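The values are calculated or read from the model by the stated rules, or taken from the named source; none is laboratory data. Here the structure is a predicted model, which means the values were calculated and not measured. Reconstructed Cβ throughout: ideal geometry from the backbone, glycine too, with neighbour counts over all protein chains shown.
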Amino acid sequence: MNPFKTLLLTVFLVIGTSQAETTYIHAGTLLAIPGSQPSQEQTVIIKNGMIQDIVGGYQVSDDPEIKHIDLKHAFVMPGMMDMHVHLTHERGPNRFKDSMQMSDQLQGMRIIHYGMKTLKAGFTTVRDVGSKEQYMFAYRDAINNGWVDGPRVIAAGGVGITGGHADVSGIKPDLMEFYTDASICDGPYDCRRAARNTIKYGADLIKITSTGGVLTDRATGTGQQMESDELKEIVRAAERMGKKVASHAHAEAGIIAALEAGVHSIEHGSYAGPKSHKLFKKTGAYLVPTLLAGETVVRLAKETDLFSPAIKEKAIRVGTDMKNNFGNAVKAGVKIAFGTDSGVSIHGTNMEEALLMYKGGMAPMDILVSATVSAADLIGMSDQLGTLENGKYADIIAMPASPLDNIEELMHINFVMKEGKIYKQ
Ligand SMILES: [Zn+2]
């Protein structure tokens with residue numbers, strides 16, 4: 001066939017496919033832009049995975065190639081985004097045994113399972129902030145290539161200090177040595193190296209741990225661990241390469257040090273008080289509250305033998321205080337981005353975070369904003385995600401009734417679309 005004919009055929013095929021991929025969603029109630037009021041009886045027109053238009057009334061096309069989806073009795077909104085997940089694992093009685101017995105390949109395949117549970121719960125985008133990195137980078141890229149189904153993934157690379165929360169713990173010394181990698185650093189220049197190193201291998205952002213952590217199996221507390229010079233150097237190295245930094249932090253001194261260094265989000269923020277609230281507002285950083293993690297570790301500490309004594313004490317103390325302090329951050333007007341710490345909690349139960357945020361004093365609309373508009377802003381993708389507007393990804397979820405009237409409606413997601421493809425209906 002001559003090249004011109006081939007070209008013509010290609011053009012024809014492309015047009016043929018794109019028509020087949022046009023969808024009209026009839027939305028009874030449409031919250032296109034969380035933060036503003038929903039509208040009634042709208043048609044969302046989707047072409048090739050993107051929103052092409054939103055028009056009033058229920059539009060109908062005679063074209064047999066165009067698909068119509070009836071969500072006339074539903075509340076329709078942008079897909080939710082969870083800014084704090086760990087998709088390579090899940091805490092439970094077999095976690096340690098599994099990591100020793102399962103092949104790396106099988107552990108990699110399990111991410112697909114956890115990812116689909118998350119997507120079907122209504123989360124079309126996640127930010128993974130601490131998993132086995134190469135697994136997550138591969139999973140992210142495989143999804144983007146269309147090889148496997150899953151939520152859109154923004155994947156962090158970790159940088160932590162020797163003996164700190166991000167370092168290995170709870171295993172015998174020679175195994176600890178085996179599992180210690182190039183992400184562990186000490187001193188500003190070494191941490192600069194570690195930050196650059198994780199970007200080199202594919203990190204979308206850097207995750208650091210400015211304070212101790214609840215689930216470190218060492219009695220090293222939850223106070224500040226990284227020094228200011230280390231924090232500043234990591235943020236600088238990341239920003240030079242166009243990347244953001246998320247810092248795990250419990251104690252207020254560590255929250256303040258991380259905010260002063262210029263991090264873009266504080267994860268957990270359990271002991272944030274008036275001083276850090278002021279800094280949050282000054283720097284524009286987000287708080288990612290992970291109340292579900294607090295709730296989960298308190299329950300596991302009280303009801304199971306999963307935790308060592310070193311962890312148990314921290315779990316009950318921090319988990320309880322985290323929930324109590326969240327309301328103060330909301331009242332102070334700190335910017336909040338939705339995040340669960342799934343992996344500590346069960347994958348697919350991410351929506352429970354919304355119920356906890358509501359109990360903690362956040363209004364339903366603000367909760368929806370935190371998981372859409374604010375999350376998109378935190379990952380620097382506001383031009384593509386977070387609202388349903390022309391030219392953005394068709395990441396759409398629906399539920400039978402409005403979560404603005406009853407936040408528990410979020411537990412009944414019955415429609416999930418990501419980039420125009422339906423995963424639940
Ligand atoms: Zn976490």
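Within the stretch 315-325, restricting attention to residues that are within 16 Å of the ligand (Cβ to nearest atom) and either of a type in the set (A, V, I, L, M, F, W, C) or outside any helix (DSSP H, G or I) (or both), which residue is surrounded by the most Cβ atoms within 10 Å (Cβ to Cβ)?
Once the filter is applied, the top-ranked residue is M322.
For the stretch 281-305, what are the residues that are under 24 Å from L355 (Cα atoms), in a helix (DSSP H, G or I), touching a residue at least 12 places away in the same chain (Cβ under 8 Å) and away from the ligand (no atom under 16 Å from the Cβ)?
Passing the criteria: A301, K302.
Could you grab me the full set of residues in the stretch 345-368 that are β-branched (V, I, T) and buried (at least 23 other Cβ atoms within 10 Å of the Cβ)?
Within the stretch 345-368, just I367 meets the criteria.
Is there a residue in the stretch 306-314 that is in contact with a Pro (Cβ under 9 Å, 6 or more places away or on another chain), assigned by TED's automatic domain parsing to the domain that holds H86 and either closer than 21 Å to G221 by Cα or within 16 Å of the ligand (Cβ to nearest atom) (or both)?
For the stretch 306-314, residues in contact with a Pro (Cβ under 9 Å, 6 or more places away or on another chain), assigned by TED's automatic domain parsing to the domain that holds H86 and either closer than 21 Å to G221 by Cα or within 16 Å of the ligand (Cβ to nearest atom) (or both): present.
So which of K72, K5 ends up being at pLDDT below 95, of a type in the set (K, R) and not assigned by TED's automatic domain parsing to the domain that holds I111?
Checking each option against the conditions leaves just K5.
Does N350 count as over 15 Å from M80 (Cβ atoms) and modelled with pLDDT of 95 or more?
So N350 fails the test.
Filter the stretch 337-372 down to residues that are acidic (D, E) and either farther than 18 Å from R299 by Cβ or outside any loop (DSSP other than H, G, I, E, B) (or both) and give me whichever is farthest from the ligand (Cβ to nearest atom).
D366
Going by the structure shown, is D63 more than 30 Å from D217 (Cβ to Cβ) and at pLDDT below 95?
yes
Checking the structure you have, find out if any residue of the stretch 297-311 is under 21 Å from the mean Cα position of the chain (by Cα) and of a type outside the set (V, I, T).
The answer is no, given that none of the residues of the stretch 297-311 is under 21 Å from the mean Cα position of the chain (by Cα) and of a type outside the set (V, I, T).
Report whether or not G108 is crowded, with 18+ Cβ neighbours inside 10 Å and at positive phi.
No.
Select from the stretch 292-306 the residues that are surrounded by fewer than 24 Cβ atoms within 10 Å (Cβ to Cβ) and not acidic (D, E) and list them in ascending order.
T296, V298, R299, L300, A301, K302, T304, L306
Take the conditions modelled with pLDDT of 95 or more, assigned to a helix (DSSP H, G or I) and under 30 Å from K335 (Cβ atoms) and apply them to T29. Does it pass?
Spelling it out, it is not the case that T29 is modelled with pLDDT of 95 or more, assigned to a helix (DSSP H, G or I) and under 30 Å from K335 (Cβ atoms).
Hey, can you tell me all the residues within the stretch 128-184 that are modelled with pLDDT under 90 and of a type in the set (A, V, I, L, M, F, W, C)?
A166, V168, I171, L175, M176, F178, A182, listed by residue number.
Is it the case, given these coordinates, that S61 is among the hydroxyl-bearing types (S, T, Y), more than 16 Å from the ligand (Cβ to nearest atom), assigned by TED's automatic domain parsing to the domain that holds D149 and more than 16 Å from the chain's Cα centre (by Cα)?
Criteria not met by S61.
Only one residue in G269, G221, G262 is in contact with a helix residue (DSSP H, G or I) (Cβ under 9 Å, 6 or more places away or on another chain), surrounded by fewer than 22 Cβ atoms within 10 Å (Cβ to Cβ) and touching a residue at least 60 places away in the same chain (Cβ under 8 Å), so which one is that?
One residue alone meets the criteria, G221.
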